[in-house]
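Q: One structure coming up, written as structure tokens, with questions to follow.
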Amino acid sequence: MGDRFFLSLAGAAAGLINGLFGAGGGMVLVPMLGKKAGISEQERFPASVAIIAPVCVVSLLLSGSRNNTFLQVLPYLLGGAVGGVAAGLWGKRIPTVWLHRMLGALILWGGIRYLC
């Protein structure tokens, strides 16, 4: 029960972070999926997306529907879908260490951008 509780807690933390900030739940999930769930490094990112996608839908339904946010961002969905397909096709060819570095750089860039 300890691991299941821990994984549920990690999922709740990811949902909270993702719901509050609109992103970032994967930062909680990716490390936890390896430590407690035993998922390989290559499968952690796709597993994280599979968990976060429904969380994003719930967040959209609960907060975005109040002011038609979904309709405003609808044009971005095509580009997002193209990017998702590209990542799915080419992401497995990128060594995990480089995925970690790119994610770290993106997180740092985002953090600095929001602080300034």
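Derivation of every value follows stated rules applied to the coordinates shown; laboratory data play no part. Note that the structure is a prediction, hence the values are computed from the model and not measured. As a convention, Cβ positions derive from the backbone with ideal geometry for all residues, glycine included, and neighbour counts pool all protein chains shown.
Q: Using 1/(1 + (r/R0)^6) with R0 = 41 angstrom and r between the beta carbons of TRP98 and ARG4, what's the FRET efficiency to the nearest 0.05?
A: Once the sixth-power term is evaluated, E becomes 0.80.
Q: For the range 72-116 and the range 30-51, what is the separation of their C-alpha centers, rounded to whole Å?
A: Using only Cα atoms to place each centre, the spacing works out to 17 Å.
Q: Considering every pair of different Cα atoms, what Kirkwood radius, in Å, is found for the chain?
A: 15.7
Q: Per the Kirkwood treatment, what hydrodynamic radius in Å, one decimal, follows for the range 1-69 from the mean inverse distance over all distinct Cα pairs?
A: 12.4
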